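Chemist: Have a look at this one before I ask anything.
The values are calculated or read from the model by the stated rules, or taken from the named source; none is laboratory data. This is a predicted model, so every value here is computed, not measured. Methodologically, a virtual Cβ is constructed for each residue, glycine included, from the backbone with ideal geometry; neighbour enumeration extends over all protein chains shown. Only protein heavy atoms, including side chains, enter the accessible area calculation; ligands, DNA and RNA are left aside. Shrake-Rupley method; radii C 1.70, N 1.55, O 1.52, S 1.80 Å.
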Amino acid sequence: MRIAIIAHDGKKPEMVAFLLKNKDKLKQVELFATGTTGGHVANAGLKVTKLLSGPIGGDAQIAAMAATNELDMVIFFRDPLGKHPHEPDVQMLLRICDVHNIPLATNPATAELMIEGSSRID
């Protein structure tokens, strides 16, 4: 299974905590992340392939992976109350996930359900 992970700045600690909590379920998962999120995840001791930072193309790289069926799900912990200069890239990623039927979680509760559901299938 291939999962892309992204987190806005205020959500990066929450993403790391989520991944560590689900570490056993993610043993056989290949993680991809935007650059800064990936750095936090790697510093926590998890294996992750880091792409560009979101604002400089990482969101677009993940969208391209979704569009070419290189991902099984995307977990994107968004900060819905913050302003983000790369919001058009975020919207493009969400749209691509919808167009290509890629499961997308934007909060920990949904991500938990997706991880739990995928572990029952595998």
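Chemist: With a point put 7 Å past each Cα toward its Cβ, work out how far Met1 is from Lys25 in nm, to one decimal.
Modeler: It works out to 0.7 nm between the two label points.
Chemist: Can you work out ³J(HN,Hα) from phi for every residue in the stretch 99-108, in order, using Karplus 6.51 cos²θ - 1.76 cosθ + 1.60 and θ = phi - 60°, giving whole Hz and x for Gly and Pro?
Modeler: Result, rounded to whole Hz: 4, 9, 6, 9, x, 9, 10, 10, 8, x.
Chemist: Taking R0 as 41 Å, what FRET efficiency do you get between Ala109 and Thr68 from their Cβ-Cβ distance, rounded to the nearest 0.05?
Modeler: That pair, Ala109 with Thr68, gives E of 0.90.
Chemist: Considering only protein heavy atoms and a 1.4 Å probe, what is the carbon-and-sulfur percentage of the accessible area of the stretch 14-90?
Modeler: Carbon plus sulfur share of accessible area: 54 percent.
Chemist: Oh, and also: Give the residues of the stretch 39-64 whose amide nitrogen is closer than 14 Å to a point set 7 Å from the Cα of Asp9 in the direction of its Cβ.
Modeler: 54-56
Chemist: Can I ask one more? Could you calculate the contour length gain from Asn43 to Asp79, that is, 0.36 nm times the residue separation minus the distance between their Cα atoms, to one decimal place in nm?
Modeler: Working: separation 36, 0.36 × 36 = 12.96 nm, distance 2.18 nm.
Contour length minus the Cα-Cα distance gives 10.8 nm.
Chemist: Separate question: Of the lysine pairs in the chain, how many meet both conditions: Cα atoms under 26 Å apart, and a spacing of 8 or more in sequence or different chains?
Modeler: 23
Chemist: Enumerate the calculated ³J(HN,Hα) couplings along the stretch 33-48 in order (Karplus 6.51 cos²θ - 1.76 cosθ + 1.60, θ = phi - 60°), each rounded to whole Hz, writing x wherever the residue is Gly or Pro.
Modeler: Residue by residue, the stretch 33-48 yields 8, 5, x, 5, 4, x, x, 5, 5, 5, 5, 7, x, 9, 7, 8 Hz.
Chemist: To check my understanding: the extent here is largest minus smallest coordinate of the Cα atoms along each principal axis. What are those three numbers for the chain, in Å, largest first?
Modeler: On the principal axes, the chain reaches 36, 30, 25 Å in Cα extent.
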